[in-house]
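Novice: Just passing along the structure, written as structure tokens.
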Amino acid sequence: MKKAFVSLLCLLLIVASVSSCAGQPAVSSTSSATTSSATTSSASAPKPAAASSGTSAATSSVSSIQNQSLKNVVILATGGTIAGTGAAGKTTEYKAGELNVQALIDSVPGIDKLANISGEQILNTASDNVTGQDWLCLAKRINELATNDKIDGFVVTHGTDTLEETAYFLTLTVKTKKPVVVVGAMRPSTATSADGPFNLYQAVALARSDEAIGQGAMVIFSDGIYSGRDVQKINTFKTDAFGGKDFGCLGYMRDDKPYFYTKTTKKHTTESRFDISKLEKLPKVSIAYFHIDADPDILDYFSKNSEGIVTAGAGNGSYSTLWSNKLVSLEKSGVPVVNTSRISNGIVTISANAPANCIGGDTLNPQKARILLSLALTQTKNVTEIKEIFKQY
């Protein structure tokens with residue numbers, strides 16, 4: 001009787017509480033290898049996503065411990081090309097965010113041999129529609145699930161257009177050493193030789209790996225492992241679409257095995273100072289893109305309508321005399337201005353005679369500097385302190 005009782009306990013479900021992203025019906029799924037339950041989606045065929053495009057859905061996670069020799073990984077789906085559908089064989093003219101998380105799981109042969117899989121539909125849209133509210137919802141959900149000792153790692157499926165931004169936000173806001181892996185695809189699920197299934201297979205393999213513990217939020221794409229801080233999309237259509245800039249990748253994936261060679265020295269996850277647990281909205285930060293004949297009046301507009309400004313300058317974050325004079329005139333406003341470059345590689349430093357409210361963006365690109373400045377503004381408006389934050393993160 002005792003053995004039977006223990007066996008029964010081993011098959012109990014991991015049930016995570018329902019998140020409140022938008023108050024819509026909960027959506028959950030499990031790998032086809034897990035025991036079915038009333039809340040488990042069918043694993044037999046792809047189905048339309050329950051969460052409508054551009055909308056955050058309330059979710060719940062249900063996973064059956066079918067194989068105690070495997071680790072437990074939660075997939076949080078947000079849409080993107082990896083969940084897109086279109087004309088059979090074609091790689092263009094498709095609609096992103098059409099397949100739900102169960103369909104994604106079902107599309108990957110052998111994924112149930114890697115880990116016990118459960119899935120949640122956080123939202124289902126093209127990544128250009130992802131908002132700061134969606135980020136807060138996603139990060140809070142991961143932090144909530146991470147307190148469950150039975151969950152070993154996380155995979156976030158995401159559109160590639162803004163994947164690098166979400167990865168960096170999670171790097172700064174997730175409070176766990178458990179692996180968090182962001183993954184996407186450049187070809188829709190209906191394309192010939194779609195890259196989504198293999199990328200997702202490797203993402204789950206990385207999320208279950210002991211070697212990935214403590215590495216911060218990562219991106220896996222086309223056999224490469226990248227840090228959430230330094231990863232950047234570098235191609236508009238090729239399947240090998242991501243790189244780590246000057247820093248390269250953290251390592252490689254070969255089938256289901258990771259090989260790590262480097263590690264980021266910047267603070268992340270459990271070492272991060274940023275706490276979003278009670279945060280409901282992110283401070284507004286705008287990006288001003290410099291080019292020849294760029295109108296400096298845009299800086300006036302941003303200073304009045306944003307809490308912070310990021311400039312995407314030429315070369316080492318440089319801009320015209322007109323822009324420099326405008327920034328000097330805005331110095332008394334106290335609005336922090338982070339200087340970055342429109343060039344992918346290199347470091348942006350600040351000259352000694354720069355306006356007091358100007359901050360060097362270090363090696364962050366404009367879109368990631370915007371994220372760090374926004375989070376910094378949740379804690380301080382002191383420019384000296386924000387400068388230190390940009391050195392550390």
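Novice: Can you go through I298, I287 and tell me which one is aliphatic (A, V, I, L, M) and under 19 Å from S344 (Cα atoms)? Working first, answer last.
Specialist: Working: I298 fails: under 19 Å from S344 (Cα atoms).
So the residue among I298, I287 that is aliphatic (A, V, I, L, M) and under 19 Å from S344 (Cα atoms) is I287.
Novice: Looking only at region 322-338, filter to residues that are within 31 Å of the chain's Cα centre (by Cα) and not β-branched (V, I, T); which one of those is farthest from I309 (Cα to Cα)? Lay out the reasoning, then the answer.
Specialist: First, pick out the residues of region 322-338 that are within 31 Å of the chain's Cα centre (by Cα): 334-338.
Filter once more, so that each one left must be not β-branched (V, I, T): 334, 336.
On the way: G334: 11, P336: 6 Å.
Looking at residues that are within 31 Å of the chain's Cα centre (by Cα) and not β-branched (V, I, T), I get G334.
Novice: Something else now. Would you mind finding the one in K368, K391, K387 that is touching a strand residue (DSSP E or B) at 6+ places or on another chain (Cβ under 6 Å), under 22 Å from T173 (Cα atoms) and not in a loop (DSSP other than H, G, I, E, B)?
Specialist: Working: K368 fails: touching a strand residue (DSSP E or B) at 6+ places or on another chain (Cβ under 6 Å); K391 fails: touching a strand residue (DSSP E or B) at 6+ places or on another chain (Cβ under 6 Å).
Within the list K368, K391, K387, the selection yields K387.
Novice: Here is a list: T380, T340. Which entry is crowded, with 21+ Cβ neighbours inside 10 Å and outside any helix (DSSP H, G or I)? It would help to see each step written out before you state the result.
Specialist: Numbers: T380 fails: crowded, with 21+ Cβ neighbours inside 10 Å.
Result: T340 is the single residue among T380, T340 that is crowded, with 21+ Cβ neighbours inside 10 Å and outside any helix (DSSP H, G or I).
Novice: So, K140, is that one part of a loop (DSSP other than H, G, I, E, B) and modelled with pLDDT of 95 or more or not? Spell out the reasoning first.
Specialist: Working: part of a loop (DSSP other than H, G, I, E, B): no; modelled with pLDDT of 95 or more: yes.
In short, no.
Novice: If we scan region 287-298, do we find a residue that is surrounded by fewer than 16 Cβ atoms within 10 Å (Cβ to Cβ) and closer than 30 Å to L136 by Cβ?
Specialist: To start, the set of residues in region 287-298 that are surrounded by fewer than 16 Cβ atoms within 10 Å (Cβ to Cβ) comprises 289, 291-293, 295, 297.
Subset that is closer than 30 Å to L136 by Cβ: 289.
Scanning region 287-298 turns up at least one residue that is surrounded by fewer than 16 Cβ atoms within 10 Å (Cβ to Cβ) and closer than 30 Å to L136 by Cβ.
Novice: Filter region 183-229 for residues that are of a type in the set (A, V, I, L, M), touching a helix residue (DSSP H, G or I) at 6+ places or on another chain (Cβ under 8 Å) and not in a helix (DSSP H, G or I); which is nearest to S272 (Cα to Cα)? So that I can check it myself, show each step before the final result.
Specialist: Step one: filter region 183-229 for residues of a type in the set (A, V, I, L, M), giving 183, 185-186, 191, 194, 200, 203-207, 212-213, 217-220, 225.
Adding the requirement that they be touching a helix residue (DSSP H, G or I) at 6+ places or on another chain (Cβ under 8 Å) leaves 183, 185-186, 200, 204, 206, 212, 217-220, 225.
Going one step further and asking which of them are not in a helix (DSSP H, G or I), we end up with 183, 185-186, 217-220, 225.
Numbers: V183: 22, A185: 29, M186: 31, A217: 12, M218: 15, V219: 19, I220: 22, I225: 21 Å.
Restricting to residues being of a type in the set (A, V, I, L, M), touching a helix residue (DSSP H, G or I) at 6+ places or on another chain (Cβ under 8 Å) and not in a helix (DSSP H, G or I), the top hit is A217.
Novice: Could you tell me which numbered condition T236 fails, if it satisfies all but one of (1) surrounded by fewer than 19 Cβ atoms within 10 Å (Cβ to Cβ); (2) not in a loop (DSSP other than H, G, I, E, B)?
Specialist: (2)
Novice: Exactly one of these conditions fails for S222: (1) under 24 Å from K90 (Cα atoms); (2) crowded, with 20+ Cβ neighbours inside 10 Å; (3) of a type in the set (G, A, S). Give me its number.
Specialist: The number of the failed condition is (2).
Novice: Within region 146-178, can you find the residues that are closer than 24 Å to N124 by Cβ, in a helix (DSSP H, G or I) and either in contact with a His (Cβ under 9 Å, 6 or more places away or on another chain) or not hydroxyl-bearing (S, T, Y) (or both)?
Specialist: Residues satisfying the conditions are A146, L163, E164, E165, T166, A167, F169, L170, T171.
Novice: While we're on this one: Taking the condition of being out of contact with any strand residue (DSSP E or B) (no Cβ under 7 Å at 6 or more places or on another chain), under 23 Å from K381 (Cα atoms) and in a loop (DSSP other than H, G, I, E, B), how many residues in region 290-312 meet it?
Specialist: So the count comes out to 0.
Novice: Still on this structure, I have one more. So which of N148, N143, N116 ends up being within 27 Å of P366 (Cα to Cα) and of a type outside the set (K, R)?
Specialist: Values: N148 fails: within 27 Å of P366 (Cα to Cα); N116 fails: within 27 Å of P366 (Cα to Cα).
Just one listed residue meets the conditions, N143.
Novice: Considering only residues that are under 16 Å from L377 (Cα atoms) and in contact (Cβ under 8 Å) with a residue 40 or more places away in the chain, which ones fall in region 313-339?
Specialist: G334, P336, V338, listed by residue number.
Novice: If T340 passes every condition in (1) more than 24 Å from A217 (Cβ to Cβ); (2) in contact with a helix residue (DSSP H, G or I) (Cβ under 6 Å, 6 or more places away or on another chain) but one, which one does it miss?
Specialist: (1)
Novice: Based on this model, can you work out whether T157 counts as in contact (Cβ under 8 Å) with a residue 60 or more places away in the chain and farther than 20 Å from I287 by Cβ?
Specialist: Working: in contact (Cβ under 8 Å) with a residue 60 or more places away in the chain: yes; farther than 20 Å from I287 by Cβ: yes.
It is true that T157 is in contact (Cβ under 8 Å) with a residue 60 or more places away in the chain and farther than 20 Å from I287 by Cβ.
Novice: Check D362 against each of (1) farther than 21 Å from F169 by Cβ; (2) surrounded by 14 or more Cβ atoms within 10 Å (Cβ to Cβ) and name the one condition it does not meet.
Specialist: Condition (1) is where D362 drops out.
Novice: Identify the residue in region 246-289 that is outside any helix (DSSP H, G or I) and acidic (D, E) and, among all such residues, is farthest from F198 (Cα to Cα). Give the steps one after another, and end with the answer.
Specialist: Step one: filter region 246-289 for residues outside any helix (DSSP H, G or I), giving 248-268, 272-289.
Retained after the next criterion (residues that are acidic (D, E)): 255-256, 275, 280.
Working: D255: 9, D256: 10, D275: 34, E280: 35 Å.
In this case the residue turns out to be E280.
Novice: Tell me, which residue of region 71-127 that is among the acidic types (D, E) and in contact with a Gly (Cβ under 7 Å, 6 or more places away or on another chain) is modelled with the highest pLDDT? Lay out the reasoning, then the answer.
Specialist: Applying the first criterion (among the acidic types (D, E)) to region 71-127 yields 93, 98, 106, 112, 120.
Then keep just the ones that are in contact with a Gly (Cβ under 7 Å, 6 or more places away or on another chain); that gives 93, 98.
Working: E93: 93, E98: 96.
Result: E98.
The values are calculated or read from the model by the stated rules, or taken from the named source; none is laboratory data. Owing to the predicted nature of the structure, the values given are computational and were not obtained by experimental measurement. Cβ: placed from backbone, ideal geometry, glycine included. Neighbour counts: every protein chain shown.
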